[in-house]
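Input: a single structure, listed below in structure tokens.
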Amino acid sequence: MMNLFSEHLNSLVRSHPDNLSCIAHKAHLSRPSLYDLINGKTLPKKSTLENLCSALSLSENSIKNLFNLNKSERLRSSRKEHQYYLQQKKILISEVSSLLLGKGHEISRPISAGEADLVLRLNSQRIPILICPTPLDYPKILGSLLSSMFQLSSEKGYVCTPYIKSLDRKTVKLFNSHGILILSIKGILKELKSLR
């Protein structure tokens, strides 16, 4: 069953001038192993993915995107990694809540699951905040936050993550075009200070 990672890898392999056998050889893989990867039957180890990126002569952005998609699929498929992600998220929600409350901001938790993790009340506005220990599944994050913004009649939203540096400009621009800022914890505090 194909997933976002395998679909993207499949399109990269199919659009490459070399045939599958040649790509598999350059990536130090058997042809059936490459088929398993592009058909979503398996996920590659880091070294295998590095070899594939080299065999396909990918740009730095393409490599980053492929690694993020692989990591995202691993989170979905690995119970242990998913549990770890949820633990990190819980810690980060607690940290952000404490900091915002400590600065005198009014926050609440949404009632139903699938919404933002926190709602910030700023004057008459209610702004959703989504907490992401590692922002991997950008379409899902964007969809969740847009849905929360719609429900709250908000024109802005925040994604809070500790790893801002790893984001590419296209992603940031896409989120910004919808009124969503991707910020670190300190970044949210600075943003809210500028809005007062």
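Among residues of region 177-196 that are assigned by TED's automatic domain parsing to the domain that holds I127 and within 18 Å of C132 (Cα to Cα), those with a beta-carbon under 8 Å from a residue that is modelled with pLDDT of 85 or more and acidic (D, E) at least six positions away or on a different chain give the pairs G179/E155; L181/E191; L183/E191; I185/E95. Taken together, the criteria exclude I23 from residues that are closer than 25 Å to K170 by Cβ and among the hydrophobic types (A, V, I, L, M, F, W, C). Of the residues making up region 173-188, not a single one is under 17 Å from S72 (Cα atoms), under 13 Å from the mean Cα position of the chain (by Cα) and either outside any strand (DSSP E or B) or not hydroxyl-bearing (S, T, Y) (or both). Residues in region 138-165 that are touching a Ser or Thr at 6+ places or on another chain (Cβ under 7 Å), over 12 Å from L181 (Cα atoms) and buried (at least 19 other Cβ atoms within 10 Å of the Cβ): 1 in all. Would region 150-170 turn up any residue that is over 19 Å from S72 (Cα atoms), at pLDDT below 90 and in contact with a helix residue (DSSP H, G or I) (Cβ under 7 Å, 6 or more places away or on another chain)? No, region 150-170 contains no residue that is over 19 Å from S72 (Cα atoms), at pLDDT below 90 and in contact with a helix residue (DSSP H, G or I) (Cβ under 7 Å, 6 or more places away or on another chain).
Considering only residues that are assigned to a loop (DSSP other than H, G, I, E, B) and basic (K, R), look in region 6-52 and name the one that is surrounded by the most Cβ atoms within 10 Å (Cβ to Cβ). Let's see the steps before the verdict.
Step one: of region 6-52, the residues assigned to a loop (DSSP other than H, G, I, E, B) are 16-19, 27-30, 39-45.
Subset that is basic (K, R): 41, 45.
Numbers: K41: 13, K45: 10.
Out of the qualifying residues, it is K41.
Taking residues in region 116-143 that are more than 16 Å from E73 (Cα to Cα) and touching a residue at least 60 places away in the same chain (Cβ under 8 Å), and partners anywhere that are in a helix (DSSP H, G or I) and of a type outside the set (V, I, T), the pairs with Cβ atoms closer than 9 Å and at least 6 places apart or on different chains are L120/L100; L120/L192; L122/L192; L122/L195.
Counting only residues that are of a type in the set (D, E) and under 25 Å from S30 (Cα atoms), region 61-94 holds 1 of them.
The values are calculated or read from the model by the stated rules, or taken from the named source; none is laboratory data. Note that the coordinates shown come from a computational prediction; the quantities given were computed from them, not determined experimentally. In this analysis, Cβ positions are derived from the backbone assuming ideal geometry, glycine residues included, and neighbour counts consider all displayed protein chains.
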